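Asker: Below are the structure tokens for one structure; questions will follow.
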Amino acid sequence: MRNKKYVLDLLKNENEQLHKLHAIIEKAIEEETLITSTVAEDDESRTTGEILSDRVAQFGGSWKFIIIFALGLMLWIVFNTEVMHNTSFDPYPYILLNLILSCIAAIQAPIIMMSQNRKEAKDRKRAVNDYMINLKSEIEIRNLHEKVDLSIVDQYKNLCDIQQKQLQLLEEMNRKLKVMGKI
């Protein structure tokens, strides 16, 4: 009868342990929300100017642009020096060419800066998202440690209870053997 009561108590303790673990899991599930917002969502809300600045920056920083620009410069110089000779519209110091190049640089630089500023803002948002993910991971690891610690404490308690019960049974068996005269 005592053994039956002990087993029922042990099962009750195990049931309480399971309820504690379920409560922790339910709490974690309730708190389970996505911390990060995807940075790709921002690309959908770009204005026409932002799209244009990104494309200019992409083209302005490519080999295709450098090759086309170098060919254009060479054609300008050859045309004004060799083809037109004395009647060229931009003779040797190429003042008009310098003016055009300065205007292109003056317009292209701020456009590229706008694109870089957008990318910097996107990188900052990614950094904040990474920080939040790391923070949530740290919290989840702490929760897992709590669950494991709780499980270990309860298992240790149950093992101690089982050991105590075994010692009681051994003492009882030893007493019965002494009564029977076998020891």
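The values are calculated or read from the model by the stated rules, or taken from the named source; none is laboratory data. Only a predicted model underlies this, so the values are computations on that prediction, with no experimental measurement involved. No Cβ is skipped: glycine too gets one built from the backbone with ideal geometry, and neighbour counts run over all protein chains shown.
Asker: Go through I141, I133 for me and flag whichever is among the aliphatic types (A, V, I, L, M) and free of Cβ contacts under 8 Å to residues at least 24 places away in the same chain.
Answerer: I141
Asker: So if I check each of I68, I35, which one is out of contact with any strand residue (DSSP E or B) (no Cβ under 8 Å at 6 or more places or on another chain), surrounded by 11 or more Cβ atoms within 10 Å (Cβ to Cβ), modelled with pLDDT under 65 and over 30 Å from Q163 (Cα atoms)?
Answerer: Checking each option against the conditions leaves just I35.
Asker: Checking C103 against (1) without any contact (Cβ under 8 Å) to a residue 12 or more places away in the chain; (2) within 20 Å of S53 (Cβ to Cβ); (3) surrounded by 11 or more Cβ atoms within 10 Å (Cβ to Cβ), only one condition comes out false. Which one?
Answerer: Of everything listed in (1) without any contact (Cβ under 8 Å) to a residue 12 or more places away in the chain; (2) within 20 Å of S53 (Cβ to Cβ); (3) surrounded by 11 or more Cβ atoms within 10 Å (Cβ to Cβ), C103 misses just condition (3).
Asker: Among (1) more than 22 Å from the chain's Cα centre (by Cα); (2) basic (K, R); (3) loosely packed, with under 11 Cβ neighbours inside 10 Å, there is one condition K147 misses while meeting the rest; what is its number?
Answerer: (3)
Asker: Tell me the helices (runs of 4 or more DSSP H) entirely within region 36-154 that contain at least 1 residues that are under 30 Å from A23 (Cβ atoms).
Answerer: Once the helices (runs of 4 or more DSSP H) in region 36-154 are filtered for at least 1 residues that are under 30 Å from A23 (Cβ atoms), nothing remains.
Asker: If you don't mind, another one. Restricting to region 47-99, give me the number of residues that are within 29 Å of R118 (Cα to Cα), among the charged types (D, E, K, R) and free of Cβ contacts under 8 Å to residues at least 60 places away in the same chain.
Answerer: Matching residues across region 47-99 total 2.
Asker: Return the residues of region 38-65 that are out of contact with any helix residue (DSSP H, G or I) (no Cβ under 6 Å at 6 or more places or on another chain) and modelled with pLDDT under 70; say none if nothing qualifies.
Answerer: T38, A40, E41, D42, D43, E44
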